[in-house]
Every structure is written in structure tokens, then in C-alpha cells.
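These notes are about the structure you will find just below.
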Amino acid sequence: MVETLRIKWLEEELERLRTELHKSVGGEPSRLSDSRVLPLSRRLDALIVEVQREKRRFSQ
């Protein structure tokens, strides 16, 4: 039960960060080099990896 709640929380955080990143870039490729984008992108990457690990661990 705790594992599924953690995965759910991680997925919600992932979606929140994805939305924030999308808003920061705003469809403008030139904004990809904005100083706010890289930290968001790195955090999003780390969350994706964490969600995948948790799902793999939960399914074993």
C-alpha cells in the first residue's frame, strides 16, 4: 500500500514538474538555454528514473 502511494505521489510530482518545464519553455526552442530550464529538466529526469525503479521494485 505504501509503495503504491509513493508511486502515485512521484507521478503527481512528475506531472507538476513537466507542466512547469513546459510553461518555462513555452514552445520557444531558444528558451531551452534559460537558467531555469536545466534544473527543472534534471529534476524531471531524476523523477522519471525514480518512478521506473519504484515500479520495477513493486512489480517483483
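Throughout, read-outs are computed from the coordinates displayed, never taken from laboratory work. Computed from a prediction, not measured in an experiment: that's the story for all the values here. Glycine gets a Cβ as well: all are built from the backbone with ideal geometry, and neighbour counts include every protein chain shown.
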Of all residues making up segment 3-60, the number that are small (Gly, Ala, Ser) and under 11 Å from the mean Cα position of the chain (by Cα): 2
If we keep only residues of segment 21-45 that are closer than 29 Å to SER59 by Cβ and of a type in the set (D, E, K, R), then the residue surrounded by the most Cβ atoms within 10 Å (Cβ to Cβ) is ARG43
